[in-house]
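A.B. asks: Dropping a structure here in structure tokens format, bear with me for questions.
The values are calculated or read from the model by the stated rules, or taken from the named source; none is laboratory data. Keep in mind it's a predicted model, so treat the numbers as computed, not measured. Here the Cβ is made from the backbone with ideal geometry for all residues, glycine too, and neighbour counts use every protein chain on show.
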There are 2 protein chains.
Amino acid sequence: MELKRLETDETLRELKTHGDSRFPFQYYLDDFSLYENHWEDWHWHNEVEFASVSSGCADCLIGQQRITLRPGEGIFINSGVIHRFESNENGKMPNILFAPDFLAPRGSLIYEKYVEPVTASSCEYLVLRQAEPWHRELLSMLYQTYAALEQTEMQEYTIFQHVLQLWRILFQNAGINPTPKEPRGNTLQQARLQLMMQFIHDHFAAKITLEEIANAASVSKSEALHCFHAGIGTTPVAYLIQYRLNRAAGQLLSTTASVSSIAMESGMDNVGYFCRKFRQEYGMTPSEYRKNGALRQNRKAPSEGSPPIG
Amino acid sequence: MELKRLETDETLRELKTHGDSRFPFQYYLDDFSLYENHWEDWHWHNEVEFASVSSGCADCLIGQQRITLRPGEGIFINSGVIHRFESNENGKMPNILFAPDFLAPRGSLIYEKYVEPVTASSCEYLVLRQAEPWHRELLSMLYQTYAALEQTEMQEYTIFQHVLQLWRILFQNAGINPTPKEPRGNTLQQARLQLMMQFIHDHFAAKITLEEIANAASVSKSEALHCFHAGIGTTPVAYLIQYRLNRAAGQLLSTTASVSSIAMESGMDNVGYFCRKFRQEYGMTPSEYRKNGALRQNRKAPSEGSPPIG
């Protein structure tokens with residue numbers, strides 16, 4: 001059996017369209033066991049996405065964020081946002097995608113007043129947890145939308161009504177700042193950045209060069225530097241080192257391995273250099289960091305905003 | 001205070017548009033005390049209409065039908081259908097009008113599958129009575145739509161959702177035959193027919209000539225004949241006589257006036273001619289008709305399909 005793989009263009013835009021122009025809505029039951037490496041690689045689409053996890057776990061990666069979704073949880077991903085899903089063998093994620101103008105045609109008052117303020121906002125995604133009442137309400141409407149696909153009577157009409165209700169709950173509660181997002185700049189540049197960051201996440205433990213990072217996005221070294229600077233205000237090598245330090249910090253807390261072996265496993269052969277950099281980043285030595293581990297864990301749980309730490 | 005009057009073009013199309021292209025929806029609270037003669041004269045619009053009576057009574061005239069609506073009752077009037085409202089001093093009729101593509105854009109699956117089959121059907125109107133559960137449900141959603149106009153939060157979005165639900169109830173229950181209506185022929189001709197029929201309804205008690213009937217629509221006598229033939233398969237004079245007989249039949253049952261005075265009041269001076277024609281139409285003499293009145297009333301209550309009988 002051939003494993004699935006998302007096809008994208010050079011900007012990471014997914015080549016497949018979802019639904020058709022007459023009914024721009026599509027339901028999928030993503031089964032990660034059918035995907036190469038159990039992930040859906042970096043991609044974006046103009047459609048907004050509502051996904052939920054029905055079994056296993058799924059990590060949704062957006063920018064430098066990694067959001068772990070457990071069964072019953074879900075996520076809203078805004079139009080045009082580059083994202084990636086990772087899961088394990090048994091991860092299953094029903095989800096819907098629809099074009100923003102499925103809700104109301106462009107130029108209509110409904111579109112301008114209730115659709116565009118969300119799709120054009122700086123909100124990239126919203127995690128939906130069962131603990132929050134309005135998240136629960138939204139998730140429940142999402143499940144009803146899936147269920148509508150089993151109906152035969154007025155199926156599309158029911159889906160349309162459910163999706164409008166889904167959007168209503170989102171609009172009413174999400175407190176989305178109607179200030180439009182910063183001009184995103186170059187989509188191609190963002191896509192390249194995401195590919196290079198992914199390369200770093202996949203190969204941080206090995207020696208990697210700027211040239212290899214640039215190759216991941218098929219660009220020159222100067223374009224690689226430009227993408228990192230424009231996108232996240234740093235250099236590829238600084239990002240690599242920061243990523244390694246974060247990984248190492250995670251290992252310090254979650255394993256009993258020695259500082260030097262953790263440094264090595266994080267791709268930093270020179271233990272002296274590792275300790276110096278670690279101190280710059282965390283304000284203490286690796287050993288002190290481990291010692292204060294439990295305390296720190298309580299004081300500042302690794303937020304969803306942190307790069308993955310093992 | 002100047003009294004209201006609907007402005008129409010020569011096809012009786014209302015000149016005023018309802019809502020705007022960005023939000024083609026409009027609510028009105030029609031107060032018949034503000035209208036000339038307490039009526040809204042013959043007109044049509046592309047918008048579909050849902051109206052309900054909140055006080056007094058209102059008669060809705062469509063083609064040759066006269067539908068009396070009492071408080072709590074309502075009516076759906078399809079797109080493009082010529083109609084007229086008559087009421088008394090205290091009649092009040094909240095109503096909404098919206099363009100069919102308010103529900104979904106033309107060319108979309110929702111429009112083609114759920115909107116057009118109704119707007120293009122031969123269904124001209126649907127009377128909504130409290131006795132029928134789904135009519136009640138629809139009327140209740142109509143009142144909720146009126147109420148949404150008092151809200152400030154997401155007002156237009158709420159209206160949109162309510163109107164979609166209104167349409168759902170209609171579509172699901174009305175058993176509308178998706179066979180498109182017969183080509184309506186010439187809208188101008190229909191408008192002229194309606195004006196001439198109205199002239200007959202207003203002046204049947206007097207002597208009226210074909211020329212006067214034709215003048216009511218500013219057309220020649222031959223065009224008048226053509227309009228009646230094409231529209232309702234009869235002649236203006238035959239329609240006039242039938243209308244007079246129906247009025248007389250109503251008077252026979254509802255008054256104790258003599259047959260000859262009823263004949264006169266119905267515009268038929270020649271009592272012999274009246275009795276002959278009455279027998280042709282009802283299969284009995286006016287006196288027999290009166291005698292059998294109560295029985296007939298029970299056997300066959302004047303249907304909404306009958307021309308007005310007093």
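A.B. asks: From B:Glu132, B:Glu153, which residue is surrounded by fewer than 17 Cβ atoms within 10 Å (Cβ to Cβ), more than 13 Å from chain A (Cβ to nearest Cβ) and not small (Gly, Ala, Ser)?
C.D. replies: Sole residue among the options that is surrounded by fewer than 17 Cβ atoms within 10 Å (Cβ to Cβ), more than 13 Å from chain A (Cβ to nearest Cβ) and not small (Gly, Ala, Ser): B:Glu132.
A.B. asks: Would you tally the residues in the stretch B:73-125 being on the phi > 0 side of the Ramachandran plot and touching a Cys at 6+ places or on another chain (Cβ under 9 Å)?
C.D. replies: Residues in the stretch B:73-125 being on the phi > 0 side of the Ramachandran plot and touching a Cys at 6+ places or on another chain (Cβ under 9 Å): 0 in total.
A.B. asks: Being closer than 29 Å to B:Tyr239 by Cβ, among the small types (Gly, Ala, Ser) and buried (at least 17 other Cβ atoms within 10 Å of the Cβ) narrows it down to one residue among B:Gly56, B:Gly80; which is it?
C.D. replies: B:Gly80
A.B. asks: Can you name the number of the only condition in (1) among the acidic types (Asp, Glu); (2) in contact (Cβ under 8 Å) with a residue 60 or more places away in the chain; (3) assigned to a helix (DSSP H, G or I) that B:Asp30 fails?
C.D. replies: Of everything listed in (1) among the acidic types (Asp, Glu); (2) in contact (Cβ under 8 Å) with a residue 60 or more places away in the chain; (3) assigned to a helix (DSSP H, G or I), B:Asp30 misses just condition (3).
A.B. asks: Among the helices (runs of 4 or more DSSP H) contained in the stretch B:89-200, which hold 3 or more residues that are without any contact (Cβ under 8 Å) to a residue 40 or more places away in the chain?
C.D. replies: Qualifying helices (runs of 4 or more DSSP H): B:133-148, B:155-173.
A.B. asks: Evaluate the following for A:Thr158: is it away from chain B (no Cβ under 12 Å), surrounded by 17 or more Cβ atoms within 10 Å (Cβ to Cβ), closer than 28 Å to B:Arg22 by Cα and out of contact with any Phe, Trp or Tyr (no Cβ under 6 Å at 6 or more places or on another chain)?
C.D. replies: no
A.B. asks: Under the condition of being more than 9 Å from every other protein chain (Cβ to nearest Cβ) and not aliphatic (A, V, I, L, M), which residue from the stretch B:112-121 is farthest from B:His45 (Cα to Cα)?
C.D. replies: Step by step, filter the stretch B:112-121, then rank; the result is B:Pro117.
A.B. asks: Take the residues in the stretch A:128-176 that are over 22 Å from A:Pro71 (Cα atoms) and out of contact with any helix residue (DSSP H, G or I) (no Cβ under 9 Å at 6 or more places or on another chain); name whichever of them is modelled with the lowest pLDDT.
C.D. replies: Here the residue is A:Gly175.
A.B. asks: Taking the residues in the stretch A:137-150 that are aliphatic (A, V, I, L, M) and over 25 Å from the mean Cα position of the chain (by Cα) as candidates, determine which candidate is nearest to the other protein chains (Cβ to nearest Cβ).
C.D. replies: Among those residues, the one meeting the criterion is A:Ala148.
A.B. asks: So for the stretch A:194-204 (the condition being at pLDDT 90 or above and surrounded by fewer than 17 Cβ atoms within 10 Å (Cβ to Cβ)), does at least one residue qualify?
C.D. replies: Yes, the stretch A:194-204 contains a residue that is at pLDDT 90 or above and surrounded by fewer than 17 Cβ atoms within 10 Å (Cβ to Cβ).
A.B. asks: Could you check the stretch A:96-110 and list, in sequence order, the residues that are more than 9 Å from chain B (Cβ to nearest Cβ) and not β-branched (Val, Ile, Thr)?
C.D. replies: Within the stretch A:96-110, A:Leu97, A:Phe98, A:Ala99, A:Pro100, A:Leu103, A:Arg106 meet the criteria.
A.B. asks: I'd like the full set of residues that are touching a residue at least 60 places away in the same chain (Cβ under 8 Å) and outside any strand (DSSP E or B), limited to the stretch A:1-22.
C.D. replies: Correct list: A:Glu10, A:Thr11, A:Leu12, A:His18, A:Gly19.
A.B. asks: Additional query: Which residues, taken from the stretch B:222-268, are within 20 Å of the chain's Cα centre (by Cα) and in contact (Cβ under 8 Å) with a residue 60 or more places away in the chain?
C.D. replies: The answer is B:Ile232, B:Gln242, B:Tyr243, B:Asn246, B:Arg247, B:Gly250.
A.B. asks: Here is a follow-up. Could you check A:Phe23 against (1) surrounded by 21 or more Cβ atoms within 10 Å (Cβ to Cβ); (2) modelled with pLDDT of 85 or more and say which number it fails?
C.D. replies: (1)
A.B. asks: Continuing with the same structure: Select, from B:Val115, B:Val81, B:Val48, the only residue that is among the β-branched types (Val, Ile, Thr), at pLDDT 95 or above and out of contact with any Ser or Thr (no Cβ under 6 Å at 6 or more places or on another chain).
C.D. replies: Criteria check complete, one pass: B:Val115.
A.B. asks: Suppose the filter is within 14 Å of chain A (Cβ to nearest Cβ), in contact (Cβ under 8 Å) with a residue 12 or more places away in the chain and of a type in the set (Phe, Trp, Tyr); does B:Phe25 pass it?
C.D. replies: Here the answer is yes, as B:Phe25 does meet what is asked.
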